[in-house]
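Novice: Quick one: this structure, given as structure tokens, is what I'll be asking you about.
Throughout, read-outs are computed from the coordinates displayed, never taken from laboratory work. Everything numeric here is computed off the predicted structure, so don't read it as measured data. Positions of Cβ are generated from backbone atoms using ideal geometry, with glycine treated the same way; all protein chains shown enter the neighbour counts.
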Amino acid sequence: MQYIFYICLGLLPSLIWLSFYLKKDKHPEPNSIILRVFIWGMLLAPLAIILELLLIWLLNPSYDLTSLLSQTNYNGIIKTILAATLIPALVEEYLKYSIIKHKFLKKPAFDEPTDVILYCIIAGLGFAAIENILVVFKSPFPSFGESFGIIGFRFLGATLLHALASGIIGYWLALGLLNAKKRKRFILIGLTIAIIFHSCYNYLIITALNRTDNYKMILIFITAVLLFSTALFISLCFKKLKKQKSICKISS
């Protein structure tokens, strides 16, 4: 029973954000497609962990995040940025983009520009769900109160981050499908922006968690502003894409 509780708790943030973003779709997608995209996002998480650990090991076989964060020299800072912020962002955003591009853009249900951004967000939320479950499944299990606190923090933080970063990619991918001549450029722009956004979030959070002074609150505030402003941008992206013509006629 305890395991079921923690699994449901880990899924909860993603499901709440999923219900929020599904309301932005005027022509709802089939539940079967939504579920498949979500599950594929979940399946990407273990693969991402393996690839990230491999890349971090290649960067530094004796890698230790704790020791790196305590270093103040230039090399320590560079390794921290690469191993703790940039590598996870690069791997995770590319995998989420790749699964949507190769698995779902040819589906019959894919018939309007907003579908692209929505599919990407759903995949991101599926990915975040596994991350959340892994966090609360640490040993020993956190208390009920502590676990709710962790999930509440991740609801407003990491889970929203994955939805927004994937939404950025989805928006630029949609623009690329609408403009075949600039498709590669648009996709590259979207991936770059999403990776930078994700990396900035990672760096701010990691730095904040390792501070005990007033600077910690400043970093948390900056992180909140970053997430809020990006959420507004994604909302504007939805509105802009709703005005575009159907993608199906030009994406084949």
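Novice: Order 121-134, 40-53, 186-199 from most to least packed using the mean count of other Cβ atoms within 10 Å. Spell out each step's value before the answer.
Specialist: Working: 121-134: 26.1, 40-53: 17.6, 186-199: 19.4.
My ranking of the peptides, most packed first, is 121-134, 186-199, 40-53.
Novice: In addition: Could you state the angle between the C-alpha long axis of helix 158-178 and the longest principal axis of the C-alpha atoms of the chain, as a value from 0 to 90 degrees rounded to the nearest 10?
Specialist: 30
Novice: Separate question: If amide hydrogens are placed 1.01 Å from N in the peptide plane, which non-local residues have theirs closer than 5 Å to the one on F141?
Specialist: The list, which skips near neighbours in sequence, is empty: none.
Novice: Okay, next question. Identify which of T159, T223, T212 has the largest mean-square fluctuation in a Gaussian network model of the chain, with springs joining Cα atoms closer than 10 Å.
Specialist: Its mean-square fluctuation being the largest, the pick is T212.
Novice: Return the lysines within reach of K182: Cα separation strictly under 27 angstrom, same-chain partners fewer than 8 residues apart disregarded; answer none if there are no such residues.
Specialist: K24, K96, K101, K103, K106, K107, K239, K240, K242, K243, K245, K249
Novice: Same structure, new question: Could you work out the longest stretch of the chain that avoids the trypsin sites (Lys or Arg not before Pro) located in DSSP loops with at most 11 other Cβ atoms within 10 Å? Provide the component values of the computation, followed by the final result.
Specialist: On the way: sites that count: K23, K26, K106, K138, K243, K245.
It works out to 139-242.
Novice: Using only the alpha-carbon atoms, how far is helix 2-22 inclined from the longest principal axis of the chain? Give it as 0 to 90 degrees, nearest 10.
Specialist: 40
Novice: Dipole magnitude of the chain about its Cα centre, charges +1 at Lys/Arg Cβ and -1 at Asp/Glu Cβ only, in debye to the nearest 20? The partial results should precede the final answer.
Specialist: Details: 25 positive and 12 negative charges, 262 e Å.
In total the dipole reaches around 1260 debye.
Novice: Right, next: So what are the radius of gyration and Dmax for the Cα set of the chain, in Å?
Specialist: Both quantities, over Cα of the chain: 18.5, 56 Å.
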